[in-house]
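Encoded as structure tokens, the structure appears first; notes follow it.
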Amino acid sequence: MNILALIQKRYTAKKYNAHKVVPQEKIEELKEILRLTPSSINIQPWKFTFVQNPEIKAKLASVSMHNTEKINQAQLLVVFSVADDLDAFENEVVNEFPQFRKEMYHKMKTYKSEADLKIWLSQQVYIALGVGLTASMAMGLDSTAMEGIETDKYKTILNMTVYKPLFAMAVGYGCEEDSNRIEVTPKSRRLLENVVETI
Ligand SMILES: Cc1cc2nc3c(=O)[nH]c(=O)nc-3n(C[C@H](O)[C@H](O)[C@H](O)COP(=O)(O)O)c2cc1C
């Protein structure tokens, strides 16, 4: 299937088939795909937490606003987090990155206030969401991007210190009865001429 046809078919799953098992190879592939996400100056300020454990997933589901049922039904929940303790993240940069990249990051820190630096880091994590949604579809899986989660409670449940959850993505096989399926609810988008300019 070509990429346009794929994107035309992708939809936000609102209901999942809890019984149709997602092959573990696909989940492992998704981990590697997210790891390969591009980011500004290749800073990679993220943590992707793959939650398959049903008890932990249920705990997270219970603090996920209108998304509780989807998370309970979906086989996989991926939590996307951003570096929040910047001193601790600095250690990761120092230990893991080549010299020129460390210097680029240090330069970036001199240009931006701490608040702006945190916004910039978070923006990088959203790129991974786009990659994850498209990749899931390409692998024959359905998914739901979810900002509707209680991120502070996620942080506590996941015992995070350096990173802070921003949003999550449920992944699984969609349910036939989901009224949000593309066959039932066609794509709704602004007109091409209103969002694309060609000069
Ligand atoms: C960053 C982001 C956060 C979203 N949060 C939620 C959410 O918490 N719950 C939900 O059901 N859908 C959520 N959505 C899905 C959007 O509502 C959906 O993508 C949009 O209406 C377009 O519909 P489509 O994805 O079916 O094409 C989110 C989407 C994005 C990109």
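We did not get these values from a lab; they are worked out from the coordinates using the rules stated. A quick note: this is a predicted structure, and the numbers were derived from the prediction, not measured. Counting neighbours? That spans all protein chains shown, and the Cβs are built from the backbone with ideal geometry, glycine included.
This table checks each residue for (1) among the basic types (Lys, Arg); (2) surrounded by fewer than 16 Cβ atoms within 10 Å (Cβ to Cβ); (3) at positive phi.
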residue	(1), (2), (3)
Ser81	no, no, no
Asn95	no, yes, no
Ala115	no, yes, no
Gly140	no, yes, yes
Thr144	no, no, no
Glu147	no, yes, no
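Go through the stretch 170-196 and give me each residue that's over 22 Å from Ala74 (Cβ atoms) and within 11 Å of the ligand (Cβ to nearest atom).
Pro186, Ser188, Arg189
Looking at this structure, is Phe167 within 16 Å of the ligand (Cβ to nearest atom) and either surrounded by 21 or more Cβ atoms within 10 Å (Cβ to Cβ) or without any contact (Cβ under 8 Å) to a residue 40 or more places away in the chain (or both)?
So Phe167 fails the test.
Quick one: which residue in Lys59, Lys47, Lys70 is closer than 12 Å to Tyr154 by Cβ, in contact with a strand residue (DSSP E or B) (Cβ under 9 Å, 6 or more places away or on another chain) and either within 13 Å of the ligand (Cβ to nearest atom) or not hydroxyl-bearing (Ser, Thr, Tyr) (or both)?
One residue alone meets the criteria, Lys47.
Does at least one position in the stretch 132-148 carry a residue that is touching a Pro at 6+ places or on another chain (Cβ under 9 Å) and within 13 Å of the ligand (Cβ to nearest atom)?
Among the residues of the stretch 132-148, not one is touching a Pro at 6+ places or on another chain (Cβ under 9 Å) and within 13 Å of the ligand (Cβ to nearest atom), which makes the answer no.
Just the residues that are surrounded by 10 or more Cβ atoms within 10 Å (Cβ to Cβ), more than 10 Å from the ligand (Cβ to nearest atom) and assigned to a loop (DSSP other than H, G, I, E, B), please, taken from the stretch 149-160.
Glu150, Leu158, Met160 - these are the residues of the stretch 149-160 that are surrounded by 10 or more Cβ atoms within 10 Å (Cβ to Cβ), more than 10 Å from the ligand (Cβ to nearest atom) and assigned to a loop (DSSP other than H, G, I, E, B).
Does Ser64 count as among the small types (Gly, Ala, Ser), touching a residue at least 60 places away in the same chain (Cβ under 8 Å) and away from the ligand (no atom under 14 Å from the Cβ)?
In short, no.
List the number of the failed condition for Arg190; all other conditions in (1) of a type in the set (D, E, K, R); (2) more than 24 Å from Gln124 (Cβ to Cβ); (3) in contact with a helix residue (DSSP H, G or I) (Cβ under 9 Å, 6 or more places away or on another chain) hold.
The failed condition is (3).
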